[in-house]
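Below is one structure, written out as structure tokens; comments come after it.
The values are calculated or read from the model by the stated rules, or taken from the named source; none is laboratory data. Here the structure is a predicted model, which is why all the values come from computation and not from measurement. Cβ sites come from the backbone with ideal geometry, for glycine too, and all protein chains shown count toward neighbours.
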Amino acid sequence: MCIMIEYRILVLNKLWQPVNIIGIERAFSLLLQDHAQAIYTSDGSFRIMNSSSWLELSKIEDNQANDPFVQTVHLRMRVPKVLLLRKYDKLPALEVKFTRDNLFDRDDYRCQYCGQRFDSFELNMDHVIPRDKGGKTSWENIVTSCIKCNSHKANRLPHQANMHLLRKPERPRWRPFVSTLIGQNYDTDWDHFIYNKKRACTY
């Protein structure tokens, strides 16, 4: 399978945790400079290979038709689907952008007052502490609210409207680049590394 330059590669830290998604040029740069190793996923063995081993693998004539590759002048080179960084053992400290959709994702499309789930067009963003009382537009002061509860609370504090939050609003704890894969097409060989990460996202 000859691929386009836009092809993406999953990057893991040395603890095998996903930390980034990069393009082909960056992937080969990391591999050839020995900053990362390739993980061979096609046969399910998850063998770790350095750049020399990966180049030797690319020379094998019986490459599987579905394996991604790029054609150079002298070589049909396999493209790794997953890279393992040699030294980096941290998780990137990235902020989740505050948007209406991300807020609804955080709250599972559930009104934080009545507890019912709704479609997005039936939901509002509610300032727990109203803006005219000093409330900020932030993860810690905005919750998902259905139209009925939002109208009932109006411009009051929850206790003034005799309403109670299901839980305290907080910044989301998911890693943005992993969460953006939900509902999108990506290489199924990544599932082994990201599937449990997506399931484990909590708020």
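Computed quantities for the displayed model
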quantity: Residue under evaluation residue 182, criteria (1) of a type in the set (A, V, I, L, M); (2) modelled with pLDDT of 75 or more; (3) assigned to a loop (DSSP other than H, G, I, E, B), criterion not met; calculated: (2)
quantity: Odd one out for residue 165 among (1) surrounded by fewer than 12 Cβ atoms within 10 Å (Cβ to Cβ); (2) assigned to a loop (DSSP other than H, G, I, E, B); (3) out of contact with any Leu (no Cβ under 8 Å at 6 or more places or on another chain); calculated: (1)
quantity: Count of residues meeting criterion [exposed (fewer than 12 other Cβ atoms within 10 Å of the Cβ) and under 21 Å from the mean Cα position of the chain (by Cα)] in region 95-119; calculated: 5
quantity: Neighbours by Cβ (under 8 Å, 6+ apart or cross-chain): first from region 115-134, without any contact (Cβ under 8 Å) to a residue 12 or more places away in the chain; second in a loop (DSSP other than H, G, I, E, B) and exposed (fewer than 13 other Cβ atoms within 10 Å of the Cβ); calculated: 117/108; 131/137
quantity: Qualifying residues in region 17-45 (those that are assigned to a loop (DSSP other than H, G, I, E, B) and at pLDDT 90 or above) - the one nearest to residue 190 (Cα to Cα); calculated: 35
quantity: Residues within region 107-142 that are in contact with a Ser or Thr (Cβ under 9 Å, 6 or more places away or on another chain), of a type outside the set (Phe, Trp, Tyr) and assigned to a loop (DSSP other than H, G, I, E, B), tallied; calculated: 5
quantity: Close pairs from region 73-89: first without any contact (Cβ under 8 Å) to a residue 24 or more places away in the chain, partner among the basic types (Lys, Arg) and in a loop (DSSP other than H, G, I, E, B), Cβ under 6 Å, at least 6 apart; calculated: none
quantity: Sole residue being among the hydrophobic types (A, V, I, L, M, F, W, C) and either in a helix (DSSP H, G or I) or at pLDDT 85 or above (or both), chosen from 84, 94; calculated: 84
